[in-house]
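The values are calculated or read from the model by the stated rules, or taken from the named source; none is laboratory data. These numbers come from a predicted model, not from an experiment. Cβ placement follows ideal geometry from the backbone for every residue including glycine, while neighbour counts extend to all protein chains displayed.
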Amino acid sequence: MNVQPQRLFGSQSMAAPLKRVLMRSAESAMRRAQPAEWHYGPGFDPQRAALQHAIFSGLVEASGARIDWLTEEDDGLADSVFTHDPSLMTDHGAVILSMGKPLRKAEPGLHEAAYERMGIPVLGRIEAPGTVEGGDCVWLDATTLVIGRGVRTNQEGIRQMAELLAPNGIEVLGFDLPLWQGEEACLHLMSVISPLADDLSLVYSPLLPAAFYQLLKARGIRLVEGDAEEFAASNGLSLNVLPTAPREVIAVAGFPKTLAAMEAAGCTVVTFEADALCIACEGGPTCLTRPVLRGHA
């Protein structure tokens, strides 16, 4: 009998069952964060953020995912709690990204060190002047990676990513993002789309790149519209949800219309209070996780 070796990594889906994820404790990352420096809102409170992050981590573990933790050092890298952004996982290894936000330049190094500890190969790196942040990357399917070109991710970064992934049969498509609330604010591609399953996505279509919207429709992906008032009230965080399996979702509490729209589309949604962690700091449940391994449904 042939026994298949256990997979340690691999993720070219946004919603297949989450098996392994890289996270960073808010207690260590955010304890000394100055809101003005990090562009956090008035609702930020490091103690409450740490408590809310611990509750979220429990929900991730309850879904069946294993959490690998980044460093617990008091290094002052407050945004490193948002582990989705400094690296990208593929079935062939990790891609170490290059951050568009200057305060986050050191974070990719934390991820590279973590992958070395975890025994996960590094497929390649995005080098300056290229920038790519994970929040701008969406797997449309296992052979198509869509990247939003905007304040945090530039054309040179997209070019490097396309060159890096092409030998493995992966096509990279870039789409322009609107400026929306300015250069200091964070509008990633995943600010306006959250896949809920391979054929279902939660979107805020007024800010979707038109050509990307047309591509989604052409691929037969059903679009669930997030509520416009809740999107505005949350600075887009009502739309930032984490699928732990197809149509099984973790979301920020307080946005009942968006929750109802997901449930009407057949999703099971669990929520957690995240005003001090997510709403104040411009990063939702997806941002708090770097999927390392997603399995088959």
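Among the residues that make up the stretch 62-71, is at least one of them touching a residue at least 24 places away in the same chain (Cβ under 8 Å), of a type in the set (Lys, Arg) and in contact with a strand residue (DSSP E or B) (Cβ under 8 Å, 6 or more places away or on another chain)?
Scanning the stretch 62-71 turns up at least one residue that is touching a residue at least 24 places away in the same chain (Cβ under 8 Å), of a type in the set (Lys, Arg) and in contact with a strand residue (DSSP E or B) (Cβ under 8 Å, 6 or more places away or on another chain).
I'd like the full set of residues that are surrounded by fewer than 19 Cβ atoms within 10 Å (Cβ to Cβ) and either among the hydroxyl-bearing types (Ser, Thr, Tyr) or not in a loop (DSSP other than H, G, I, E, B) (or both), limited to the stretch 256-268.
Selection gives Pro256, Lys257, Ala260, Ala261, Glu263, Ala264, Thr268.
So how many residues does the stretch 113-142 have that are over 24 Å from Pro285 (Cβ atoms) and either crowded, with 21+ Cβ neighbours inside 10 Å or of a type in the set (Asp, Glu) (or both)?
3
Considering only residues that are in a strand (DSSP E or B) and of a type outside the set (Lys, Arg), look in the stretch 5-23 and name the one that is farthest from Val122 (Cα to Cα).
Leu18
Please state which of the following conditions Lys19 fails to meet, knowing it meets all the rest: (1) buried (at least 16 other Cβ atoms within 10 Å of the Cβ); (2) within 27 Å of Met118 (Cβ to Cβ); (3) over 20 Å from the mean Cα position of the chain (by Cα); (4) among the charged types (D, E, K, R).
(3)
The rows are residues; the columns are (1) surrounded by fewer than 23 Cβ atoms within 10 Å (Cβ to Cβ); (2) touching a residue at least 60 places away in the same chain (Cβ under 8 Å); (3) over 14 Å from the mean Cα position of the chain (by Cα).
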{"residue": "Thr144", "(1), (2), (3)": "yes, no, yes"}
{"residue": "Gly150", "(1), (2), (3)": "no, no, yes"}
{"residue": "Gln155", "(1), (2), (3)": "yes, no, yes"}
{"residue": "Leu164", "(1), (2), (3)": "yes, yes, yes"}
{"residue": "Ile193", "(1), (2), (3)": "no, no, no"}
{"residue": "Glu229", "(1), (2), (3)": "yes, no, yes"}
{"residue": "Thr244", "(1), (2), (3)": "no, yes, no"}
{"residue": "Gly254", "(1), (2), (3)": "yes, no, yes"}
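Could you give every pair whose Cβ atoms fall below 7 Å, whose first residue belongs to the stretch 28-44 and is touching a residue at least 24 places away in the same chain (Cβ under 8 Å), and whose second residue is surrounded by fewer than 11 Cβ atoms within 10 Å (Cβ to Cβ), counting only separations of at least 6 or pairs across chains?
Here the result reads Ser28/Glu73; His39/Glu184, each pair linking the stretch 28-44 to a residue that is surrounded by fewer than 11 Cβ atoms within 10 Å (Cβ to Cβ).
What number goes with the only condition from (1) surrounded by fewer than 20 Cβ atoms within 10 Å (Cβ to Cβ); (2) among the charged types (D, E, K, R); (3) in contact (Cβ under 8 Å) with a residue 60 or more places away in the chain that Asp79 does not pass?
Answer for Asp79: the failing condition is (1).
So which residues in the stretch 93-112 are in contact (Cβ under 8 Å) with a residue 60 or more places away in the chain and among the polar types (S, T, N, Q)?
none
Residue pairs, Cβ under 6 Å, 6 or more apart or interchain, first in the stretch 277-297 and surrounded by fewer than 24 Cβ atoms within 10 Å (Cβ to Cβ), second basic (Lys, Arg) and modelled with pLDDT of 95 or more. List them.
Leu293/Lys19; Leu293/Arg20; Gly295/Lys19
Quick check, is Ser205 free of Cβ contacts under 8 Å to residues at least 60 places away in the same chain, touching a Phe, Trp or Tyr at 6+ places or on another chain (Cβ under 7 Å) and under 18 Å from Cys278 (Cβ atoms)?
no
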